[in-house]
Each structure stands twice: as structure tokens, then as C-alpha cells.
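A quick write-up on the structure given underneath.
Laboratory data are not the source of any read-out in this text; all were calculated from the coordinates shown. Just so we're clear, the structure is a prediction, and the values are computed from it rather than from any experiment. FYI the Cβ positions are ideal-geometry reconstructions off the backbone, even for glycines, and counts take in every protein chain you see.
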Amino acid sequence: MIVKWPGKVQPNSKSDHVSAFWDVFPTFSEIVGINKPNNLDGISFLPTLLQNGNQEEHNYLYWEFHEQGGRQSIRKGDWKAVKYDVLKNPGAPMELYNLAEDISEENNVAQSHPEVVKEMQAIFETARTDSDIFTFASETYLSKQ
């Protein structure tokens, strides 16, 4: 993300803070001084923009895409777990990448980090919220197979 906010954001500053699109609304809400709804997962990254050192962090980020057979992913610290083709195979194998060592995600290290795979699998099983609009790996889809 690139930000220009004269008098607020230091020019040429950088941050390693990890955020997601759902953090934008809480951030803008805080900037304009309104309360964000309590049912959002987003966290304001205004402290990072202002470099005040009080930045709340996500425990992990979870997202899913319905295109290309369905994909799920988790980012936790330097780890990224990914599952592909989950609409056809809800038990699809997990790929695991250490982004600190492999930013291009070329080396799946799931075999050598079973403890991280176990932790990520638990997140995959609990992080998602069912939706009537976006049925994902649902019984409806699977029953058509």
C-alpha cells in the first residue's frame, strides 16, 4: 500500500505490518472519528501509519477464493498455508511456505514442519464463517458431483 498524508505520514517511511483489505474500513473509521461496527474482523492500521507504536496485530489472516476450483489460505507470522481445488476436494492437501525464507512460494515445506501444518489445519477448520451468499465447499456443491 502506498500512502501520502502530508503532516501525518512520514515521507519514504516503510512498515512490515501485515494487514488485509478488511482492515481498511476500521482504519478510515478511526481517521474520521467514527466507531466501527463490533462485528468486523478488521483492525485499524492507523497506528502504523502514524508510527505511534501501539499497533494491534492479527493472530492470523484467513481468506478464501471461489474461483479456479476454490482456494483457501492462512497467513500467520512468516508462515503461509494454502489449499487448492477445495471445491472438488474439501480435504485437499495443504502447502506450507516460510515467507521469510521463500517470498516466491517455491518450496513447499509442509513435510518438514508437521507442527505448523497441524496448527494451520486447526485454523482452516475454525476460521471460516458459513455464508448463504458464498457457499464454499458446501454440501450443495458436493451433492452435484
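Here are the numbers for this structure:
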| quantity | calculated |
| --- | --- |
| Length gained when the stretch Q121-D41 is fully extended (0.36 nm per residue, less Cα-Cα span) | 26.8 nm |
| Dimensions in Å of the chain - Rg and Dmax from alpha carbons | 18.0, 58 |
| Quotient of Cα Rg and 2.2 N^0.38 Å for the range 6-51, N being how many residues it contains | 1.19 |
| Highest-first arrangement of 2-8, 48-54, where packing means the average Cβ count within 10 Å | 48-54, 2-8 |
| Between 0 and 90°, nearest 10: helix 114-127 axis offset from the chain longest Cα axis | 80 |
| Sequence-distant lysines (8 or more away, or on other chains) whose Cα lies within less than 30 Å of K83 | K118, K144 |
| Around L99: net Lys/Arg minus Asp/Glu count, Cβ-Cβ under 12 Å | -3 |
| Computed FRET value (nearest 0.05) for L50 with N89, which takes r as the C-beta separation and R₀ as 41 Å | 0.35 |
| Computed over the chain: relative contact order in percent, which uses C-alpha pairs under 8 Å that are six or more apart | 14 |
| Eligible lysines near K4 by straight Cα distance, threshold 19 Å, same-chain separation 8 or greater | K14 |
